[in-house]
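> Structure below; questions to follow.
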Amino acid sequence: MWEHRCKVAVSGVGFSRVTRSAEIPLAAHALEAVKGAVEDSGLAMSDIDGLATYPELPATGHAVIDGVTIVSVNCMMAMLKLPNLAWHVQVETVNIGGAVQQAVNALLAGVCRYAVVWRAMHNPKGTYQNLPGTYAQGPAQFTAPYGFGGPGQGMAVAYTRWLETHKQNREKMATLAVTQRRHAQTNPHAYFHGVPLTREDYLTSRMVAYPFCLYDCDIPVQGAVAIVLTTADRARDLRPRPAYLAGYGQRLAFEVTGRIGSLSSYMEGGRSSSRLTWERSGFSPADVDVAQIYDGFSASVIYGLESYGFCKEGEALDFIQDGRIELDGELPLNTFGGSLSTGRIHGLWHIIEGALQASGRAGARQVEDVNVSFVGASAPIVQGTTFIFVREPY
Amino acid sequence: MSDWSKVTRPIPVPNEWTKPFWDAAKEGVLKLQRCQACGHFQHPPYPTCVNCVAIDLAFEPVSGKGTIYAYTIMYHTGDKRFASAVPYASIIVELDNAPGALMAANLLEAPYTEAKVGRRVEVTFERLNDDVTLPQFRLARGAS
Ligand SMILES: [Zn+2]
């Protein structure tokens, strides 16, 4: 087990307003979320001395305009003018989960005391994807000429591989979409709060990139979320009950840039990340009381459930049936509604919900008697990270 | 059958690592990058062998026959250049004797409903302009 287990905790969490597309600069969303997280902790902004983010554009091809299409550490520094700032980082290869892990490491190293991590997602007015132009450069030269323009198709190909290899039926995925949307009706921060979804809606919805229909894809939105991380001893003195970090892991399997469609890469990536999380925390999938698994596209949940070890390969769509992922089920899943309900905010939302469930702060969607709370914060293939938060340090 | 006649495809731009692939395609030959140390084929091209880390790599002809590893049927018309072909099959092909070298393509000369994991396919070539020819795939003909 990890000697640093339960020595760092998530304290406050914060949310910005979420709009379908950009109405105000993205920096204002990020600032709103960060202020909310600091206030939720009961801290003053001047207490914050660490900053971390993953400032990647949510869709390919847009120009990087700091404060408008991304919110970098530099941009946040300019807005907050932190008098005690001591440490910051923005990560590139491990998505927002990697930024959280870097903040954990900085806290353990004692180079900062209260770190804020945010994820801000831009959705321009008009077309979400800025598709490759007349010419396809770099890795796109082998994909864009064939109509592989966006992430949906890249994810969809591995899904057909999974469906047909395991002789499975995509209609079973309706259970995930409908259950998550029902969870979201208790989450006022979700884009689809107040908008129910029925099995019929799912089964009759338009196809986007088979096997993905509309409700297999998270809706692009403009918004931000943030968390405060601190050491466990400091967290105990703050307003919220801490969610203790028991262990984490990140994807360690190599993938060739530009190669798409490999189902085995998803599985290897997920196994490599979760193995470390299980080892470091000392828990196993059977110990988990509630799970948040990244669902930017629905099939990511399949790859997560299987590669993290919650069920056998080929069985995830059967595993999610019969009430198992309901709030009172055997494995309550994506209890905040998932990205499919909140909109495309990436995995920091999953981390937030994992922490809220561990600290008993999830309100009407709180799962009873939670101690072990699992998070898979990105699709396992390229940027996967995994976490376990617990209510009781051990 | 998807109508490709009105589709304007993005034109691939070869770079120093990928030029031999496109040069061969222009001649109607499918060549993949192969490690000269361990014999591993890989695609897309990479600066080192992803199997043994050797840097002695060369492009060698492959049979052009393989199976559909995975596919998607595109319905979304967000990219107007492809809208006239919707629905169309974008496939990932695993070539015989080059496991792991996954190639993207469209399934040509067949209804998109013929795209299924495990179907046998063979390479065909689609000329885009004087400089660039695109390797594509169709269902394999006869014994394969
Ligand atoms: Zn080699």
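> Which cross-chain or sequence-distant (5 or more) residues have an amide H under 5 Å from the amide H of A:S11, H modelled 1.01 Å from N in plane?
A:V228, A:L229, A:T230
> Longer than 23 Å from Cα to Cα, which of A:K125/B:K80; A:K167/B:K116; A:K167/B:K80; A:K172/A:K312 are they? Say none if no pair is. Numbers along the way, then the final one.
Working: A:K125/B:K80 17 Å; A:K167/B:K116 12 Å; A:K167/B:K80 34 Å; A:K172/A:K312 16 Å.
In this structure, A:K167/B:K80 lie more than 23 Å apart at Cα.
> Region A:231-310 to region A:18-67: how many Å between their Cα centroids?
Between the Cα centres of region A:231-310 and region A:18-67 lies a distance of 24 Å.
> Ok, one more. What lysines does A:K7 reach when the alpha-carbon gap must be under 29 Å and sequence neighbours fewer than 8 apart in one chain are set aside?
Qualifying lysines at Cα under 29 Å: A:K35, A:K81.
> Okay, moving on. Provide the FRET efficiency to the nearest 0.05 for the A:D369-A:M207 pair, computing r from the beta carbons and using R0 = 51 Å. Mind showing how you got there, number by number?
Details: r = 41 Å, r/R0 = 0.80.
FRET efficiency, A:D369 to A:M207: 0.80.
> Extension gain B:T113-B:Y46, at 0.36 nm per residue separation less the Cα-Cα distance, in nm? Could you put the intermediate results ahead of the total?
Numbers: separation 67, 0.36 × 67 = 24.12 nm, distance 3.32 nm.
The B:T113-B:Y46 span can extend by a further 20.8 nm.
> If you don't mind, another one. Evaluate the distance, in nm, between pseudo-label points positioned 7 Å from the Cα of B:R138 and of A:D322 along their respective Cα→Cβ axes.
With each label point 7 Å from Cα toward Cβ, the separation is 4.9 nm.
> Whole-Hz Karplus ³J(HN,Hα) for region A:305-317, in order, using 6.51 cos²θ - 1.76 cosθ + 1.60 and θ = phi - 60°, x for Gly and Pro?
Computed from phi, the couplings for region A:305-317 are 4, 7, 6, 7, x, 6, 8, 7, 4, x, 10, 4, 6 Hz.
> Would you grab the residues whose amide H sits under 5 Å from the one on B:A70? Only those 5+ places off in sequence or on another chain, please, with H modelled 1.01 Å from N.
B:I92
> Which residues does a label at A:D287 reach in region A:224-268, if reach means a backbone N under 13 Å from a point 7 Å past the Cα toward the Cβ?
A:245-248
> Roughly how much of B:I91 is accessible, in Å² to the nearest 10, using a 1.4 Å probe?
Counting only protein heavy atoms, B:I91 exposes about 0 Å² to solvent.
> Computed FRET efficiency, Cβ-Cβ of A:Q137 and A:F254, R0 25 Å: what is it to the nearest 0.05?
My answer for the efficiency is 0.65.
> Using per-residue counts of other Cβ atoms within 10 Å, averaged over each peptide, order A:223-229, A:27-33 from highest down. Intermediate results must be reported in sequence, preceding the final value.
Numbers: A:223-229: 28.9, A:27-33: 23.4.
Ranked by mean Cβ neighbours within 10 Å, highest first: A:223-229, A:27-33.
> Given R₀ = 22 Å, what would the calculated FRET efficiency be for A:E3 paired with A:T93, taking r from the Cβ atoms and rounding to 0.05?
0.30
> Taking amide hydrogens as modeled 1.01 Å from N in the peptide plane, which residues meet the under 5 Å criterion relative to A:A246, leaving out close sequence neighbours?
Amide H neighbours of A:A246: A:C6, A:I388, A:F389, A:V390.
> From the phi of every residue in region A:211-217, what ³J(HN,Hα) in whole Hz does the Karplus formula 6.51 cos²θ - 1.76 cosθ + 1.60 yield, where θ is phi - 60° and glycine or proline is x?
With coefficients 6.51, -1.76 and 1.60, one gets x, 8, 8, 3, 7, 8, 10 Hz.
> Over the whole of A:153-166, what's the average partner chain Cβ count within 10 Å per residue? Rounded to a whole number, please.
5
> Nearest 20 debye, what's the magnitude of the dipole of region A:20-67 about its Cα centre given +1 on Lys and Arg Cβ and -1 on Asp and Glu Cβ?
The calculation lands at about 200 debye.
> Here's another thing I want to ask about it. Expressed as a whole percentage, what fraction of the accessible surface of chain A belongs to carbon and sulfur atoms when a 1.4 Å probe is rolled over the protein heavy atoms? Spell out each step's value before the answer.
Values: 6820 of 13690 Å².
Roughly 50 percent, rounded to a whole number.
> Ignoring ligands, DNA and RNA, how much accessible area is buried between chains B and A, both sides summed, with a 1.4 Å probe, to the nearest 100 Å²?
3200
> Still on this model: Which ³J(HN,Hα) values, rounded to whole Hz and listed in residue order, are derived for region A:183-194 from phi using the Karplus coefficients 6.51, -1.76 and 1.60 in 6.51 cos²θ - 1.76 cosθ + 1.60 with θ = phi - 60°, glycine and proline given as x?
Using θ = phi - 60°, the values come out as 4, 5, 5, 9, 10, x, 7, 6, 4, 9, 4, x Hz.
> Under 14 Å from the Cβ of B:S84, count the other residues' Cβ atoms, weight Lys and Arg +1, Asp and Glu -1, and hand me the total.
Spelling it out: positives minus negatives among the neighbours equals +2.
> No partner Cβ under 4.7 angstrom, meaning no disulfide-compatible partner by this rule: which Cys of the protein assembly as shown qualify?
Cys with no partner Cβ under 4.7 Å: A:C6, A:C75, A:C112, A:C213, A:C217, A:C311.
> Measure off 7 Å from each Cα along the Cα-to-Cβ vector at B:A37 and A:T19, then give the distance between these two points in nanometres to one decimal.
In this crude spin-label approximation the distance works out to 5.5 nm.
> Then there is this: Order A:266-273, A:203-210 from most to least packed using the mean count of other Cβ atoms within 10 Å.
Ranked by mean Cβ neighbours within 10 Å, highest first: A:266-273, A:203-210.
The values are calculated or read from the model by the stated rules, or taken from the named source; none is laboratory data. Small disclaimer: the values here were computed from a predicted structure and weren't measured. Note: ideal-geometry Cβ built from the backbone for every residue, glycine included; neighbour counts use all protein chains shown. Accessible surface is based on the protein model in full, side chains and every heavy atom, while ligands, DNA and RNA are left aside. Shrake-Rupley method; radii C 1.70, N 1.55, O 1.52, S 1.80 Å.
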